[in-house]
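Here the structure is laid out as structure tokens; the discussion comes afterwards.
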Amino acid sequence: MGLLAPPVTTTAQAPATAATNPLLQEWTGPYGGVPPWDKVSPALFKPAFLAAIDLQRQEIAAITGNSAPATFANTIEALQRAGRSLGRVDVLFGVMTNNRNSPEYQALDRDLSPIFAAADDEITFNERLFARVAAVQGSMASAGLTPDQQRLTQRTYDSFVRQGAKLGAAQKKDLSRINQELASAFSDFATKVLADEDTWITLDTEADLAGLPPALVSAYKAAADERKVPGKWAIVNTRSSVDPFLTFSSRRDLREKVWKTFKSRGDNGNANDTNAGIARIVKLRAERAALLGYQTHAHWRMDDTMARDPQKATELMLRVWTPAVARVKEEVADMQAIATTEGQAITIEPWDYLYYAEKVRKAKYALDTNELKPYFELNNVIAASYAMAEKLYGLTFTEVTGTIPVFHPDVRVYEVKDKATGRHVGVYYRDDFARQYKRSGAWASGYRGQRTFDGPITPITSNNNNFVKGAPGEPVLISLDDAETLFHEFGHALHGLLMNVTYPGLAGTPRDFVEFPSQVHENWVLTRDLLDTYFRHYKTKAPMPQALVDKVKNTAKFNQGYATVEYLASAIVDMRLHLLPGGVVDPDAFERDTLTAIGAPKEVAMRHRLPQFNHLFTSDSYSAGYYSYLWSDVMASDAWAAFEETGSPWDPGVARKFKDIILATGNRIDRAEAYRQFRGREPDVNALLANRGFPTTTPAKR
């Protein structure tokens, strides 16, 4: 298999020394160096991490031991260089624990997580280092720094303070304990949810397949074969496998079984139950916020976001929640009418929603979503996404799979270039298929960030999906929703590829901005150019008929009550959970009571229940931040309106502004100011409400 051979090994290997450990070395090969996936093995990681942490410690000591007065160059810029070896090892480990998280990697993650937390605290709590950072920050107005240098200095200083640099010695010790305990708890949560997702429900007879389209039956057959249950069909306990079953299966008993199994991940009272871990995480977060001088964990997490105040985020969520709940009541009434007409003496339950929504769609709009799948063959959808990037931003994607290492044979690799000049822009990896030990969902990962100082350094980024493979030789047909998800994640990749910043510390954007560039790119899926060129029937090669396109567009606002309530229920529970000052909570009771308090419709479950809410409990990343999808979608809806106002989704002027002001600038300027520069005003929430078919009569601005 050569470069494509999976690098994960289960046999013991003698750890390489720091000097020879390949995970520590500068990346070599084309494109400014690429990840050495062909050299990765579990046994190499712990010695690599320990050596990289020690090297970072030496780099920090060189900064603090400098007898010259603190300057931007010898302190802030030096910090931007520190830890590069550690960063390279961390990238490799992060990809393996997301995409190939075998028991060896799970054990490593549990072992190493508190070590990582302690290493971070060692830097934050270094008083000599913080004193130098504070000195640069205090004198930057008179030091002749550029605007970028001033912003990086201020953000570096603020980050140190936010992480506890100003605390006393006893408080720092307590905070470090909390951080290490949280790191262990995050790893434990991820392991337990992954274990529950690595299960499946077996369908034994042809009768169990009632209502399922042939392509789905083939996919479930392939899943069963992969899991060594030949002659059966397997519904794997992940969304990409469960949702299609809930949509098409006419076996209500099996829908209920599949739904309950999926929604009870982490909540079964067994060894993989996460409730005690959640309670511990929420309590530790509250303790940390109090130590750092914040009212709650939500206030601490949102201190560096666009919304900043939990109340502002809550107001936006409730502004959308009310019409969404009203729409759910209308949707349920339509479903109940069909069930009654069919002679079904039932009341609509959560496991009925997607099934009867499909029936309503057919009745109201004469649209069967199975009509769409033949036009969305996976390779064609991928090609369409690249065409979008070329037409909007002048990027080309040339496949180079087989010329550089990958971490699994399914992974494909592309070189990205600027079409006009032929300039190398970056490298892009994609890993599209579900497998054992791969986390569920879809996500983007950056392997190397762009920067121009000490460079130029070009970016390496990736997209990861969990599409279900068909039987050998059969095409992979995906839904319109899946196609939009692919474009969404590709938007994240484009954000990384088009970044143009001097310092890596100015690349990361606030949590409630980061989803904006990805969400807006979903809109190009149904543009006529892409439909005519790429979304052709996989057998007949005919383009999607305009009549079918019209049906799809007529249903654009269909089932938005469900989609919005499913998401917002999770976001509101997240925010309220992290507004608990003491952090003492019974997760199941809190979830139940909160949903009752906000009037959540019983027919719609949270998209992510607390016991399986990876966004919240595998890191701090999205905690008190799940609202950010809605915050970003306000901007995304309004930005798409900017294209629509020109009469063309490809308007070069709007595309150029979006690229230069929104995508390329990273965090060089305040993100709210960047949006104002792009749009000429604040984002209009009415654009989002109109897209979802909700009333737009209340004040427009958020």
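The values are calculated or read from the model by the stated rules, or taken from the named source; none is laboratory data. Quick caveat: nothing in here was measured; it's all calculated off a predicted structure. Cβ coordinates were reconstructed from backbone atoms using ideal geometry, including for glycine residues, and neighbour counts include every protein chain displayed. Just so you know, the surface numbers come from the protein's heavy atoms only, side chains and all, with ligands and any DNA or RNA stripped out. Shrake-Rupley method; radii C 1.70, N 1.55, O 1.52, S 1.80 Å.
Within the range 416-435, the residues that satisfy the criterion of being in a loop (DSSP other than H, G, I, E, B) and modelled with pLDDT of 95 or more are Lys419, Ala420, Thr421, Gly422, Arg423. Before we move on, is Val476 closer than 26 Å to Thr97 by Cβ, in contact with a Lys or Arg (Cβ under 7 Å, 6 or more places away or on another chain), surrounded by 19 or more Cβ atoms within 10 Å (Cβ to Cβ) and of a type in the set (A, V, I, L, M)? Against the criterion (closer than 26 Å to Thr97 by Cβ, in contact with a Lys or Arg (Cβ under 7 Å, 6 or more places away or on another chain), surrounded by 19 or more Cβ atoms within 10 Å (Cβ to Cβ) and of a type in the set (A, V, I, L, M)), Val476 qualifies. Residue pairs whose Cβ atoms lie under 7 Å apart, sitting 6 or more positions apart in sequence or on different chains, and linking a residue in the range 81-105 that is polar (S, T, N, Q) to a partner that is part of a helix (DSSP H, G or I) and buried (at least 19 other Cβ atoms within 10 Å of the Cβ), are Ser85/Ala52; Thr97/Tyr105; Thr97/Asp109; Asn101/Leu194. Over 30 Å from Gln612 (Cβ atoms), part of a loop (DSSP other than H, G, I, E, B) and either open to solvent by 50 Å² or more (accessible area, probe 1.4 Å) or in contact (Cβ under 8 Å) with a residue 40 or more places away in the chain (or both), is that true of Lys173? Taking the combined requirement at face value, the residue does not satisfy it. Look at (1) aliphatic (A, V, I, L, M); (2) in contact with a Phe, Trp or Tyr (Cβ under 7 Å, 6 or more places away or on another chain); (3) within 15 Å of Pro244 (Cα to Cα) and you find that Met388 fails only one, number (3). Being more than 30 Å from the chain's Cα centre (by Cα) and acidic (Asp, Glu) is the requirement here; does Asp309 meet it? No.
Is it the case that some residue within the range 508-528 is touching a residue at least 24 places away in the same chain (Cβ under 8 Å), farther than 26 Å from Asp304 by Cβ and outside any helix (DSSP H, G or I)? So far as the range 508-528 goes, yes, one or more of its residues are touching a residue at least 24 places away in the same chain (Cβ under 8 Å), farther than 26 Å from Asp304 by Cβ and outside any helix (DSSP H, G or I).
Ala70 meets all of the listed conditions (1) hydrophobic (A, V, I, L, M, F, W, C); (2) more than 31 Å from the chain's Cα centre (by Cα); (3) part of a helix (DSSP H, G or I) but one, namely (3). Taking the range 199-216 only, how many residues are open to solvent by 30 Å² or more (accessible area, probe 1.4 Å) and under 16 Å from Pro244 (Cα atoms)? Residues flagged as open to solvent by 30 Å² or more (accessible area, probe 1.4 Å) and under 16 Å from Pro244 (Cα atoms) within the range 199-216 amount to 6. Only one of the listed residues (Asp352, Asp334) is in contact (Cβ under 8 Å) with a residue 12 or more places away in the chain, under 24 Å from Lys263 (Cβ atoms), among the acidic types (Asp, Glu) and open to solvent by 10 Å² or more (accessible area, probe 1.4 Å). That residue is Asp334. The sole residue among Lys419, Lys438 that is over 20 Å from the mean Cα position of the chain (by Cα) and touching a residue at least 24 places away in the same chain (Cβ under 8 Å) is Lys419. Scanning the range 559-587 for residues that are closer than 27 Å to Asp334 by Cα and open to solvent by 30 Å² or more (accessible area, probe 1.4 Å) yields Gln560, Tyr562, Ala563.
Highlighted here are the helices (runs of 4 or more DSSP H) found entirely within the range 222-300 that include at least 2 residues which are acidic (Asp, Glu): 252-263. A single entry from Ile63, Ile53 fulfils the requirement of being closer than 14 Å to Asp120 by Cα and either in contact with a strand residue (DSSP E or B) (Cβ under 7 Å, 6 or more places away or on another chain) or in contact (Cβ under 8 Å) with a residue 24 or more places away in the chain (or both): Ile53. Residues in the range 643-669 that are outside any loop (DSSP other than H, G, I, E, B) and open to solvent by less than 70 Å² (accessible area, probe 1.4 Å): Phe643, Thr646, Gly653, Val654, Ala655, Phe658, Lys659, Ile661, Ile662, Leu663. Has the range 389-400 got any residue that is among the aliphatic types (A, V, I, L, M), open to solvent by 50 Å² or more (accessible area, probe 1.4 Å) and touching a residue at least 60 places away in the same chain (Cβ under 8 Å)? No, the range 389-400 has no match at all. When Arg57 is tested against (1) within 26 Å of Arg151 (Cα to Cα); (2) open to solvent by less than 60 Å² (accessible area, probe 1.4 Å); (3) of a type outside the set (Ser, Thr, Tyr); (4) assigned to a helix (DSSP H, G or I), exactly one condition is not met: (2). So which residues in the range 457-481 are of a type outside the set (S, T, N, Q) and at pLDDT 95 or above, if there are any at all? Scanning the range 457-481 gives Ile457, Pro459, Ile460. Condition check for Asp454 on (1) assigned to a loop (DSSP other than H, G, I, E, B); (2) at negative phi; (3) surrounded by fewer than 20 Cβ atoms within 10 Å (Cβ to Cβ): one failure, at (2).
Among the residues in the range 107-126, are any without any contact (Cβ under 8 Å) to a residue 24 or more places away in the chain, open to solvent by 50 Å² or more (accessible area, probe 1.4 Å) and assigned to a helix (DSSP H, G or I)? No; the residues of the range 107-126 include none that is without any contact (Cβ under 8 Å) to a residue 24 or more places away in the chain, open to solvent by 50 Å² or more (accessible area, probe 1.4 Å) and assigned to a helix (DSSP H, G or I).
Could you check Leu23 against (1) open to solvent by 10 Å² or more (accessible area, probe 1.4 Å); (2) of a type in the set (A, V, I, L, M, F, W, C); (3) not in a helix (DSSP H, G or I) and say which number it fails? Only one criterion in (1) open to solvent by 10 Å² or more (accessible area, probe 1.4 Å); (2) of a type in the set (A, V, I, L, M, F, W, C); (3) not in a helix (DSSP H, G or I) is unmet by Leu23, namely (1).
Within the range 479-507, restricting attention to residues that are outside any helix (DSSP H, G or I) and of a type in the set (Gly, Ala, Ser), which residue is surrounded by the fewest Cβ atoms within 10 Å (Cβ to Cβ)?
My answer is Ser479.
For the range 236-255, give me each residue that is within 20 Å of Thr369 (Cα to Cα) and of a type in the set (A, V, I, L, M). Once the filter is applied, which keeps residues that are within 20 Å of Thr369 (Cα to Cα) and of a type in the set (A, V, I, L, M), the range 236-255 yields Val242, Leu246.
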